[in-house]
């Protein structure tokens with residue numbers, strides 16, 4: 001169940017980040033990839049800054065969203 005939850009949360013976080021950064025969806029697979037990677041980046045960033053996003057579904061989506069936005073921002077700067 002943990003893997004399925006991570007994919008669903010990653011998909012939601014990636015979709016939200018894609019809408020904010022590019023104004024459109026990135027596609028289901030890319031939303032999930034960006035969201036899961038964003039969750040890892042967001043989790044690392046939040047722990048580095050000693051910030052708690054709370055627990056549960058909403059907290060996981062917030063952390064994943066912030067990490068995914070940061071990931072998309074970095075990728076956009078690298079692409080030029």
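The values are calculated or read from the model by the stated rules, or taken from the named source; none is laboratory data. Owing to the predicted nature of the structure, the values given are computational and were not obtained by experimental measurement. So basically every Cβ, Gly included, is an ideal-geometry build from the backbone, and we count neighbours across all protein chains shown.
Some notes on this structure:
Residues are listed down the side, and each one gets a yes or a no for (1) in contact with a helix residue (DSSP H, G or I) (Cβ under 9 Å, 6 or more places away or on another chain); (2) closer than 21 Å to residue 73 by Cα; (3) surrounded by fewer than 13 Cβ atoms within 10 Å (Cβ to Cβ):
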| residue | (1), (2), (3) |
| --- | --- |
| 3 | no, no, yes |
| 10 | yes, yes, no |
| 18 | yes, yes, no |
| 22 | yes, yes, yes |
| 36 | yes, yes, no |
| 41 | yes, yes, no |
| 47 | no, yes, yes |
| 54 | yes, no, yes |
| 58 | no, no, yes |
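- Residue check for residue 48: at pLDDT 90 or above and over 12 Å from the mean Cα position of the chain (by Cα): yes
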